[in-house]
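Written below as structure tokens is the structure these notes are about.
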Amino acid sequence: MKKGPMISCEEATQLVVMKNGESLKFYDRMRLKVHLMMCKYCSRFEEQNRIIEEQIKKLNTVSVTEMPDDAKLRIESKIDKINYPK
Amino acid sequence: MTEKEKKDSKKIASLFENYSDYLYNYAITRVNDVHIAEDLVQDTFVAAIKSIKNFESKSKESTWLTAILKNKIIDHYRKKVNKYHQESIDTLYNTNEYFDERGSWRVDQRPADWHLGSGHSIDQKEFYEILQKCISRLKELQRMVFVMKLLDDEDTDDICKELKITTSNYWVIIHRAKLQLRKCLEVTWINN
């Protein structure tokens with residue numbers, strides 16, 4: 001990333017993505033803040049990134065796709081044949 | 001069949017009835033292939049039968065089964081990772097689709113207003129279906145990085161080690177994946 005105070009949208013969105021996982025350097029945090037103040041698209045990106053991160057965790061608890069019945073039958077017949085440990 | 005075997009087999013049958021959908025959903029979110037997801041769930045129950053002795057001491061059935069499945073998924077990822085070459089990683093870096101030469105948003109890629117005011121709830125099944133679909137459209141390595149970080153909350157260093165990528169590769173892959181996922185959600189969910 002270049003050294004000047006102004007960064008591009010591409011760089012700003014990269015910093016947004018890194019922000020939660022890694023502690024950004026003070027200078028990068030400032031550059032991001034300045035960019036977000038001026039750029040409504042990157043501000044939206046930041047907000048939407050937050051929503052995505054929040055919602056994605058719920059995929060672990062919300063059942064979206066059920067197992068097809070034929071797959072269940074295949075697995076049941078397979079595990080029926082397995083010998084249980086003594 | 002001994003009494004013990006009968007009891008164990010009844011136990012497994014009830015675990016299968018209660019958790020097969022949950023485990024399948026868990027697997028399909030992470031591997032995006034119905035056959036592989038089926039195999040992983042099957043392997044999970046085979047492993048569960050073999051270690052059913054250990055189960056008695058465990059407290060929660062779903063936690064125990066999910067832990068087995070999670071290990072199977074990581075094994076699957078490891079096999080995949082060994083097939084990757086540097087050039088396939090390079091294509092995951094490209095953000096030209098989203099930004100012009102100066103690094104500004106291309107006009108047709110600019111994030112739209114999602115109109116999600118405070119209090120607006122997105123707890124709808126439809127949203128999660130679309131989210132799952134959008135994740136499935138990520139390239140394999142992107143999806144692996146994404147799933148390990150955002151769904152499983154794994155440590156960044158561990159992810160890099162497991163998937164054999166550098167930390168800077170990691171951030172670029174996450175960046176690219178986020179851009180793609182955001183766009184996919186906007187097109188398929190928000191605009192609907």
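Could you tell me how many of the residues in segment B:52-78 are without any contact (Cβ under 8 Å) to a residue 12 or more places away in the chain and at the interface with chain A (Cβ under 10 Å from one of its Cβ atoms)? Within segment B:52-78, residues that are without any contact (Cβ under 8 Å) to a residue 12 or more places away in the chain and at the interface with chain A (Cβ under 10 Å from one of its Cβ atoms) number 1.
Restricting the search to helices (runs of 4 or more DSSP H) fully inside segment A:1-76 and requiring at least 1 residues that are within 7 Å of chain B (Cβ to nearest Cβ) and farther than 30 Å from B:Asp33 by Cβ gives A:9-21, A:40-56. Somewhere in segment B:103-117, is a residue surrounded by 15 or more Cβ atoms within 10 Å (Cβ to Cβ) and modelled with pLDDT under 90? Yes: one or more hits. Based on what the data block shows, is B:Ser136 farther than 21 Å from B:His76 by Cα and of a type in the set (Gly, Ala, Ser)? Spelling it out, it is not the case that B:Ser136 is farther than 21 Å from B:His76 by Cα and of a type in the set (Gly, Ala, Ser). Candidates are the residues of segment B:137-169 that are touching a Leu at 6+ places or on another chain (Cβ under 8 Å) and in a helix (DSSP H, G or I); the one that is surrounded by the fewest Cβ atoms within 10 Å (Cβ to Cβ) is B:Leu151.
It is to be established whether one or more residues within segment A:27-49 are free of Cβ contacts under 8 Å to residues at least 40 places away in the same chain, acidic (Asp, Glu) and surrounded by fewer than 17 Cβ atoms within 10 Å (Cβ to Cβ). Scanning segment A:27-49 turns up at least one residue that is free of Cβ contacts under 8 Å to residues at least 40 places away in the same chain, acidic (Asp, Glu) and surrounded by fewer than 17 Cβ atoms within 10 Å (Cβ to Cβ).
The values are calculated or read from the model by the stated rules, or taken from the named source; none is laboratory data. Values in this document were obtained by computation on a predicted structure and should not be read as measured data. Note that we place each Cβ from the backbone using ideal geometry, even for glycine, and neighbour counts take in every protein chain shown.
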